[in-house]
Amino acid sequence: MEHITLLLAIVIATALVFDFTNGFHDTANAMATTISTGALKPKTAVAMSAILNLVGAFLSVEVAKTISGGIVDEDGLRTEVIFAALVGAILWNLVTWLVGLPSSSSHALFGGLIGAAVMSAGWSSVDGGTVVTKILLPAVAAPLVAGAASMLATRLSYRVSRNVTDEAQLESTAKGYRVGQIASAGLVSLAHGTNDAQKTMGIITLALVTGGVLSPGSNPPVWVICSAGLAIAMGTYFGGWRIIRTMGSGLTDLQPQQGFAAQTGAATVILASSHLGFSLSTTQSCSGAVMGAGLGRKGGTVKWSTATRMFVAWGLTLPAAGLVGAGAEFLTRQGTWGIALVAALLVAGSGAIWMLSRRKPLDPHDVAGAGEPAGVVTAAIAAVSPPPAGVPAPGLPAGGLTATIPSPLPATPAPASTTEPARPAAV
């Protein structure tokens, strides 16, 4: 610790700020479905998620080693490159949080790191094989695998309870699934801490290597693991209500059975990848699981207008964060004034995004809203799909059709006329 310079201390602090934004940006991964189905109250949910994120940070360091020694070449890498990468990742996280899109904090970090490294030392400084096998391929596979698993689990859960028709039994079954959701949400939070907190650990470890504090290939020190775990836990407790609303009700309407299936499928994929060292996006895994659960219920639909915007954000994350990281790296290598300018731009940009968010603030009471309006595809599917058993058609009261016909308004007497009497209306 005594060898840490001022620049290195600034980079470590910036990395922990990114970890904080990662926490509140990705709270929705674990708790959006739990909140939307009423299994937990919003503040209780984020508090539980924060604690388990902290615990998960201590379970593995495989992902941290992938980042600190696998994506970019450590030889000749300057500490300023790490700083520039973090600037790109933080600003992209804040922009997507502002518009309520669950984009990948992981890919924002990778994009910023790749862009800054290429600007600093050229394309040869990036390990293309590691990028493809441990970032790009998992990015494609994770949402598909999680979505397929949660869709099958949803269909199985409805098939098991298809003969339950008594209202008391239905409510008891839903209550059981809500309890299961709490357990599965805890598992997702644990997995998120295991996977995402390690990314910050890897970045700080990489900065320590470039600063000469650690030797290449070193594992993250204990103080790095503790600080990264605490930062992501505090960010999680802060609560990213905008993205929670999108994940909970903006993609599809979830019932407890679907929420349990989505969280279990996503947690399984994330934990398995963490122990294999694949630094996948927990956001993409959980979003794919939510969409799979929506399609797994008969009559269920996905709000494709929201999903399409989310897919676009996924595709833009790596290049957008990479461009910002490259621009920041160009400024930092101009010297001290360049580093100070990048820091000032980061603070100003973050402050501007925060002020914009205050125009339409959200709080825990807003996260179970109606979400996004249905798009054209959703409306067309809903028009030809019968509603699930026990659910009235749109526009009808909860009890279905009634035999009551409202009485007509009393006839209004015609005004007196001084001319000829009114003629009868033509038949």
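The values are calculated or read from the model by the stated rules, or taken from the named source; none is laboratory data. What you see is a predicted model, and the numbers here were worked out from it, not measured in a lab. Ideal geometry is used to build each Cβ from the backbone, glycine not excepted, and the neighbour counts take in all protein chains shown. Note: areas computed on protein heavy atoms with side chains; ligands, DNA, RNA excluded. Shrake-Rupley method; radii C 1.70, N 1.55, O 1.52, S 1.80 Å.
In the set (1) open to solvent by 40 Å² or more (accessible area, probe 1.4 Å); (2) among the polar types (S, T, N, Q); (3) closer than 29 Å to residue 313 by Cβ, the condition left unmet by residue 219 is number (3). Exactly one residue out of 202, 180 is touching a residue at least 24 places away in the same chain (Cβ under 8 Å), in a helix (DSSP H, G or I) and farther than 30 Å from residue 125 by Cβ, and it is 180. Considered as a group, the residues in the stretch 302-345 that are of a type outside the set (Phe, Trp, Tyr), farther than 21 Å from residue 118 by Cβ and open to solvent by 30 Å² or more (accessible area, probe 1.4 Å) include one that is modelled with the lowest pLDDT, and that residue is 305. Taking the condition over 19 Å from residue 26 (Cα atoms), surrounded by fewer than 24 Cβ atoms within 10 Å (Cβ to Cβ) and either hydrophobic (A, V, I, L, M, F, W, C) or out of contact with any strand residue (DSSP E or B) (no Cβ under 9 Å at 6 or more places or on another chain) (or both), does residue 214 pass? Judged against the criteria, residue 214 is a match. Considering only residues that are charged (D, E, K, R) and not in a helix (DSSP H, G or I), which ones fall in the stretch 309-356? The one that is charged (D, E, K, R) and not in a helix (DSSP H, G or I): 333. Restricting attention to the stretch 315-337, the residues that are farther than 18 Å from residue 102 by Cβ and touching a Ser or Thr at 6+ places or on another chain (Cβ under 6 Å) total 1.
Among the numbered conditions (1) under 17 Å from the mean Cα position of the chain (by Cα); (2) among the β-branched types (Val, Ile, Thr); (3) more than 20 Å from residue 231 (Cβ to Cβ), the only one that residue 37 does not meet is (1). Which of the residues that make up the stretch 309-334 are touching a residue at least 40 places away in the same chain (Cβ under 8 Å) and of a type in the set (Val, Ile, Thr)? Across the stretch 309-334, the qualifying residues are 317, 324, 332. It is to be established whether one or more residues within the stretch 158-176 are assigned to a helix (DSSP H, G or I), crowded, with 23+ Cβ neighbours inside 10 Å and either touching a residue at least 40 places away in the same chain (Cβ under 8 Å) or in contact with a Pro (Cβ under 7 Å, 6 or more places away or on another chain) (or both). Within the stretch 158-176, not a single residue is assigned to a helix (DSSP H, G or I), crowded, with 23+ Cβ neighbours inside 10 Å and either touching a residue at least 40 places away in the same chain (Cβ under 8 Å) or in contact with a Pro (Cβ under 7 Å, 6 or more places away or on another chain) (or both). For the stretch 25-46, the set of residues classified as of a type in the set (Val, Ile, Thr) and over 8 Å from residue 244 (Cβ atoms) consists of 33, 34, 37, 44, 46, listed by residue number. As a summary of the residue check, residue 73 satisfies the conditions (1) at negative phi; (2) at pLDDT 85 or above except for the one numbered (2). On inspection, residue 103 qualifies as at pLDDT below 85, open to solvent by less than 10 Å² (accessible area, probe 1.4 Å) and farther than 24 Å from residue 59 by Cα.
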